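Structure first, commentary second.
The numbers here are math on the coordinates, done by the rules we state, and not lab data. Bear in mind the structure is a predicted one, so any value in this text is a computation, not a measurement. As a convention, Cβ positions derive from the backbone with ideal geometry for all residues, glycine included, and neighbour counts pool all protein chains shown.
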């Protein structure tokens with residue numbers, strides 16, 4: 001009996017362990033979105049546009065239902081790129097932007113530098129308890145002259161196996177194109193029940209759309 005119980009515990013640990021191959025595939029997917037190779041909007045609008053990410057289909061993973069959620073959100077905002085650049089690189093800007101996202105709260109800074117921040121936070125989700133996570137966030141300009149705020153989960157504390165995304169800003173005349181990609185994978189023991197999965201899919205679009213709303217609010221829109 002003891003041997004069977006220990007075997008069960010071992011197999012259970014494997015079941016909830018981190019899927020390194022799956023994580024690598026998901027990172028590759030996000031890299032391709034950030035690079036403009038995947039899920040790039042065909043038409044840009046000054047109205048918020050959001051689409052869900054089918055993680056298993058696009059990343060060729062096999063996560064069970066209720067685990068992996070993501071979205072790509074885009075909008076043309078009425079701000080000059082120079083103004084966005086100045087705002088995003090100002091002292092304390094990362095924390096101000098992160099804390100302005102309506103679906104995030106309970107922030108704790110654990111490390112802060114001029115263009116990077118490490119923090120713990122909670123994501124407010126419908127119906128169930130907040131999702132606890134911790135991220136490294138940085139702001140940088142890429143080789144294409146776009147300003148990017150990117151976050152990546154660090155450590156294994158909290159309710160997520162994986163949490164990564166980016167706000168990507170590029171000049172568009174007197175305006176800017178803003179694209180947000182985000183994807184999170186919930187620990188199996190915390191997976192969304194069947195009845196809540198439609199809500200969870202819609203929430204992903206709302207949550208990542210809130211990053212654009214936070215940026216606009218930060219810019220005084």
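At a glance:
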read-out	value
Computed [θ] at 222 nm, helices only, for the chain once each DSSP H run of length n ≥ 4 contributes -39500 (n - 2.57)	-10500 deg cm²/dmol
Relative contact order of the range 23-141, defined on C-alpha pairs under 8 angstrom at six or more residues apart (%)	16 percent
Over 20 Å [Cα-Cα, the chain], rounded percent	59 percent
Normalised contact order of the range 19-218, rounded percent, pairs of Cα under 8 Å and 6 or more residues apart	25 percent
Part-to-part distance (alpha-carbon centres) for the range 152-221 and the range 79-141, which is given in Å	11 Å
Computed over the range 149-221: relative contact order in percent, which uses C-alpha pairs under 8 Å that are six or more apart	25 percent
Sorted peptide list for 193-201, 55-63, 26-34, criterion being average Cβ within 10 angstrom, highest first	26-34, 55-63, 193-201
Ranked 37, 150, criterion: other C-beta atoms within 10 Å, fewest first	37, 150
Protection-proxy order for peptides 208-217, 96-105, each taking the mean of Cβ atoms within 10 Å per residue, highest first	208-217, 96-105
